[in-house]
1. Distance in nm between label sites at Lys58 and Thr85, each 7 Å beyond Cα in the beta-carbon direction?
2. Roughly how many Å² is the accessible area per residue of segment 176-227, as a whole number, for a 1.4 Å probe?
3. What distance in nm separates the simple spin-label points at Glu221 and Ala191, each placed 7 Å from Cα in the Cβ direction?
4. Averaged per residue, what accessible area in Å² does segment 71-116 show with a 1.4 Å probe, protein chains only?
5. Applying 1/(1 + (r/R0)^6) with R0 = 30 Å to the Cβ-Cβ distance of Thr141 and Thr208, what FRET efficiency is obtained, to the nearest 0.05?
6. Rounded to a whole number, what % of the accessible area of segment 143-227 do carbon and sulfur atoms account for, probe 1.4 Å?
7. Assuming a ≥ b ≥ c are the square roots of the Cα gyration tensor eigenvalues, decide whether segment 179-227 counts as rounded (a/c under 1.5), prolate (otherwise, with a/b larger than b/c) or oblate.
8. Exceeding 19 Å between C-alpha atoms, which entries from my cross-link table qualify? They are Lys161/Lys215; Lys58/Lys215; Lys81/Lys128; Lys123/Lys176; Lys58/Lys128.
Amino acid sequence: MKNLLFLFLIPIFFACSGSSETKTTESSDIEENTTSSESETVTEASSNKINQEITETKELRTIEDIREEYQSIMSNIANGKIDSTSFKYQCDGGVGEVVYFSENGQLRRITYSSGYEHGGVIKEYFLKDNTPFFIFHDASTWNFDVEAKQESATRDDMTEKRFYIIDNQLIKCLEKEFTIRSSVKNNPTSATVANKEVACSDLTELMTDYELVLKYRNQTEDMECLD
């Protein structure tokens, strides 16, 4: 079983759930003969505009701020409020895809996937003001399960890593590992495995691939290796 897990909108972010931003409302100047439904529409539009302005100006100072910003991006993607462009590539026997998500002309998320015969990697970058504030890595490798009694049984070893960034500094790093076996009915999932906090590595190393895919932001045609 080749389980590359190229599902880009999977819930990837939380060891525990984060709270959504609270919507604010504001009275709108409307004509006296405006109907009730029209008034609600104007008020909702005004509220959405205010929320967008708050999101754009709010600085990320805490882990909770990062979680809320992440939720906002994923919600807007799910609701079709963020545009995307992409291209595919083939390199050294592997295949992959890069997807760019933009909101009002600014990059908000980049997904960079690569797959090979025995595994694959997904790297995701979440941005605010053109600066990454959260990075997610999802790596999988598969092999035949020599410990299983079933013939041709396989095992997929999964590793997820989460990196929280404030002021271009890594402030928290989480990791989880689990194995999925084809011979087992009740396998663990990402949601059921707890993260563990680990020592953070150098941010410069993490940014290497980000800077690579950033160069191809305007790429729309499929290509070979990313240089």
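The values are calculated or read from the model by the stated rules, or taken from the named source; none is laboratory data. None of the values given here were measured: they were computed from a predicted structure. Don't worry about glycine lacking a Cβ; one is built from the backbone with ideal geometry, like all the others, and counts go over all protein chains shown. Accessible surface areas use protein heavy atoms only, side chains included; no ligands, DNA or RNA. Shrake-Rupley method; radii C 1.70, N 1.55, O 1.52, S 1.80 Å.
1. According to this spin-label approximation, the distance is 2.9 nm.
2. 71
3. 4.3
4. 45
5. It comes out at approximately 0.90.
6. Details: 2470 of 5590 Å².
Whole-percent figure for carbon plus sulfur exposure: 44.
7. In terms of gyration-tensor shape, oblate.
8. Lys161/Lys215; Lys58/Lys215
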